[in-house]
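K.L.:
Input: one structure, supplied below.
The values are calculated or read from the model by the stated rules, or taken from the named source; none is laboratory data. Everything quoted here is computed from the prediction, not taken from an experiment. Every residue, glycine as well, gets a Cβ built from its backbone with ideal geometry; the counts of neighbours run over all protein chains shown.
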Amino acid sequence: MDTPSVLLGVVGLLIGSFLNVCIYRLPRGESVVWPASHCGACGRNLAWYENVPLLSWLTLRGRCRTCGESISVMYPAVEAVTGAVFLLAPVAFGWTPLLIVRLFFACAMIVLFAIDLRHRILPNIITLPGVIVGLICSVFVPPGLQSALLGAAIGGGALFAIAETYYRIRGIDGLGMGDVKMLGMIGAFLGWPQMLVTLVVASSLGSIVGAGVIVSRRGGMQAALPFGTFLAIGALVAAVGGDAILRWYLSLY
C-alpha cells in the first residue's frame, strides 16, 4: 500500500470520528459542531486524548473515564470502516475527482446505515440535500447528468410504488418515505444502472436477514427491518463493483 493511500486512510479514521458525532446527534436534532464532544451519560467534555480514533476506545476499554458508562462498540466500528474505505478507495477509483465524490457518498451511506440501524429513521437533512449534491456532481463526474436524473426519478419512484402497493394490499406501511428518498439519493450519485444493482443487493440481503429472523423465532413476517441499512450496503457494493455485477448478469443471457 503506497504512502498517499495510507495517509488517506488516516484521514478516514479522523472523519469516521466526526461521522460518529453525526450518527449520535442528528437523530436528536442537535448541532454536529457545538457543543464539544462529551459523555452522553455524565455530560463531561472529552479531552483530546479521549477522541483519538480507535485508540481511545481501546485504552478506555469501552467505558467513560469519569462515570464508567459503557461506550458503544459502534464508535470504533464506524471509525474502522471509514478508515478502511478511505484506504482502499483509490484502488477502485484512482486519484481522480471521482474519488472525492465517492468518498463523500460513502460517508453519507455509513451515517445512514448506522442511524437507521439504531433509530429506524433516515434523516431528511442527509437524503434530500444528497439528491441535489448527487445531481450536481454528476455534471462533472460519472454517471453523467442524464443517468443521475433517471436514477433519482426511477429509484425514488420505484420504492414509492412498492410502498404504496404494499399499503393498499396489506393496510400497513412496508417501507418508509426515508427509504424512498435514500434510493433517490443513491440514484443521483450512481446513476440508474447502479441504482438497480443497489436495489437488488439490498432486497436480497433484506430477504436473507428477514428469513433468518423468522427461522430464529425472533420476529414474524411483520418484524421491522431497517431497509436503509441494506440500501447503504447495496450502494457501496454497487459503487465499487456495480459494473462487474452487471456484466456478469448480462453474460448469462
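K.L.:
Among the numbered criteria (1) within 28 Å of Arg120 (Cβ to Cβ); (2) exposed (fewer than 13 other Cβ atoms within 10 Å of the Cβ), which single criterion is violated by Trp95?
P.N.:
(1)
K.L.:
What do you reckon, is Ile162 at pLDDT below 95, more than 21 Å from the chain's Cα centre (by Cα), among the aliphatic types (A, V, I, L, M) and more than 17 Å from Phe227 (Cα to Cα)?
P.N.:
no
K.L.:
So is Gly191 touching a Pro at 6+ places or on another chain (Cβ under 6 Å) and surrounded by 22 or more Cβ atoms within 10 Å (Cβ to Cβ) or not?
P.N.:
yes
K.L.:
Follow-up question, since we're still on this one. Can you tell me how many residues in region 9-25 are surrounded by fewer than 18 Cβ atoms within 10 Å (Cβ to Cβ) and touching a residue at least 60 places away in the same chain (Cβ under 8 Å)?
P.N.:
Number of matching residues: 2.
K.L.:
Here's a follow-up. Just to be sure, is Arg170 at pLDDT below 95 and of a type outside the set (Val, Ile, Thr)?
P.N.:
Criteria met by Arg170.
K.L.:
Continuing with the same structure: Scan region 26-59 for residues that are loosely packed, with under 15 Cβ neighbours inside 10 Å and under 15 Å from Ile71 (Cα atoms) and jot them down.
P.N.:
Across region 26-59, the qualifying residues are His38, Gly40, Ala41, Cys42, Gly43, Arg44, Asn45, Leu55, Leu58, Thr59.
K.L.:
Determine which member of the set Pro53, Pro76 is touching a residue at least 12 places away in the same chain (Cβ under 8 Å), within 18 Å of Gly9 (Cβ to Cβ), in the same structural domain as Val11 (by TED's automatic domain parsing) and part of a loop (DSSP other than H, G, I, E, B).
P.N.:
The unique qualifying residue is Pro53.
K.L.:
Please go through region 10-45 and pick out each residue that is part of a helix (DSSP H, G or I) and small (Gly, Ala, Ser).
P.N.:
Correct list: Gly12, Gly16, Ser17.
K.L.:
Quick one: is Phe93 under 23 Å from Ile136 (Cβ atoms), of a type outside the set (Ser, Thr, Tyr) and free of Cβ contacts under 8 Å to residues at least 40 places away in the same chain?
P.N.:
It is true that Phe93 is under 23 Å from Ile136 (Cβ atoms), of a type outside the set (Ser, Thr, Tyr) and free of Cβ contacts under 8 Å to residues at least 40 places away in the same chain.
K.L.:
Shifting gears a bit: When region 117-176 is examined, which residues are found to be in a loop (DSSP other than H, G, I, E, B), charged (D, E, K, R) and surrounded by 13 or more Cβ atoms within 10 Å (Cβ to Cβ)?
P.N.:
Across region 117-176, the qualifying residue is only Arg120.
K.L.:
Any residue in region 157-186 that's among the charged types (D, E, K, R): show its pairings with residues that are at pLDDT 80 or above and surrounded by 17 or more Cβ atoms within 10 Å (Cβ to Cβ) at Cβ separation under 6 Å, as long as the two are six or more apart or on different chains.
P.N.:
Asp179/Leu159; Asp179/Phe227; Asp179/Gly228; Lys181/Thr127
K.L.:
If you check every pair at least six apart or on different chains, which have Cβ atoms under 6 Å apart with a residue in region 101-130 that is closer than 20 Å to Gly155 by Cα first and a residue that is among the charged types (D, E, K, R) second?
P.N.:
Final answer for the pair search is Leu122/Asp116; Thr127/Lys181.
K.L.:
Here's a follow-up. (1) touching a helix residue (DSSP H, G or I) at 6+ places or on another chain (Cβ under 8 Å); (2) outside the structural domain of Pro27 (by TED's automatic domain parsing): which one isn't true of Ile169, the others all being true?
P.N.:
Just one mismatch for Ile169, condition (1).
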